[in-house]
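The values are calculated or read from the model by the stated rules, or taken from the named source; none is laboratory data. Note that this is a predicted model, so its numbers are computed, not measured. Neighbour counts are summed over all protein chains in view; Cβ atoms, including those assigned to glycine, are modelled from backbone coordinates with ideal geometry.
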Amino acid sequence: MKPIATILCLTIAASTFGQPLTGEWKGAYILNSYVTKFNIYILGDAAKQTVHLDLPESNRFDLSCDLLQHGDSLKLSRINNQGNLITFEGKLHDGQLSGRVIMHSESMKDKPGMFQLMKSNAAVFKGQQMPDFELVSMEDQSLITKDRLKDRYYMLDFWATWCKPCVAKRPGLMKIKETLGDKLEIISISLDDSPEVISTFRKAQFEMPWLHVLKAEKWDDDFIKTYLTEGLPYGYLVNPEGTVVAMGRELDEKNLLKTAERLIK
């Protein structure tokens, strides 16, 4: 049986200061011949840090684990739903975290695996406050800012009509908007070439009755460079307090509805 399970939420603490770990880390671990991709998001300073862990391929998000750091050495630990402690013991070197994985069970304690994580270049990640931004609405050229959206849930939805996974995500977005109405504001940020392309798409396929922004410069645009560090589709869900509560794979076609149900109160 694959040794992946629901992770319990634990109190987070850090010890002796080392290189700062704050940010988004992406990688994988191998245990008992199984390869599992995972992401971690580390907030706070070396004295007190919070860690959120995602297992995207297993559709498990916002899981927590303990972090203990001593210089450039660290230990991440979690407990699965069989009550087994799993530890990741490694070192930080040149923007990479790597080391061994141990499941502390009778059958696995003598079969360590290995893990590796790399620091991403994401400027925005889960658990932090969404930075200030300024966008221009296609419809009326009004400014869309963080202050304009405060005290409500909103989603930044990066997409394009030529992106098939983006188009596949439209029905889910429509359903969420129909269900939540004004409780959720969606801002779709398109990398298409012109407003006409988007207007034609909306008339022919999905109305998408929410805010729209065009970034025809694509990855030459500073906003896109900052917020779209991966390919399309991509997105961020922000709560009324301005905190990023979901991003990336949590908001793809497969997970979108579940994420909205779980996080939007």
Please go through segment 231-244 and pick out each residue that is assigned to a strand (DSSP E or B) and either in contact with a Lys or Arg (Cβ under 7 Å, 6 or more places away or on another chain) or surrounded by fewer than 19 Cβ atoms within 10 Å (Cβ to Cβ) (or both). Thr243, Val244
In segment 140-190, residues that are within 24 Å of Ala216 (Cα to Cα) and not aromatic (Phe, Trp, Tyr) total 31
Just to be sure I understand the filter: pairs with C-beta atoms under 6 Å, separated by 6 or more residues or on different chains, first member in segment 64-77 and over 18 Å from His104 (Cα atoms), second member of a type in the set (Lys, Arg). Which pairs pass? Asp72/Lys91; Ser73/Lys91
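Pick out, from segment 15-75, the strands (runs of 3 or more DSSP E) lying fully within it that include 2 or more residues that are at pLDDT below 85. Step through it out loud before you land on a result.
Values: elements: 23-31, 34-45, 48-55, 60-64, 66-70.
Per the criteria, 34-45, 48-55.
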Within segment 167-178, can you find the residues that are touching a Leu at 6+ places or on another chain (Cβ under 9 Å) and farther than 16 Å from Glu250 by Cβ? Lys175, Lys177
Restricting attention to segment 100-130, report how many residues are loosely packed, with under 14 Cβ neighbours inside 10 Å and in contact with a Ser or Thr (Cβ under 8 Å, 6 or more places away or on another chain). 4
Hey, Asp151 over 16 Å from Lys215 (Cβ atoms), surrounded by fewer than 13 Cβ atoms within 10 Å (Cβ to Cβ) and more than 23 Å from the chain's Cα centre (by Cα) or not: no
Counted residues, segment 245-258 - those being assigned to a loop (DSSP other than H, G, I, E, B), in contact with a helix residue (DSSP H, G or I) (Cβ under 8 Å, 6 or more places away or on another chain) and not polar (S, T, N, Q): 2
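So which residues in segment 185-200 are in a helix (DSSP H, G or I) and crowded, with 18+ Cβ neighbours inside 10 Å, if there are any at all? Working first, answer last.
Looking only at segment 185-200, we keep the residues that are in a helix (DSSP H, G or I), and these are 195-200.
The one that is in a helix (DSSP H, G or I) and crowded, with 18+ Cβ neighbours inside 10 Å: Ile198.
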Return the residues of segment 126-176 that are closer than 23 Å to Gly231 by Cβ and assigned to a helix (DSSP H, G or I); say none if nothing qualifies. Lys164, Pro165, Cys166, Val167, Ala168, Lys169, Arg170, Pro171, Gly172, Leu173, Met174, Ile176
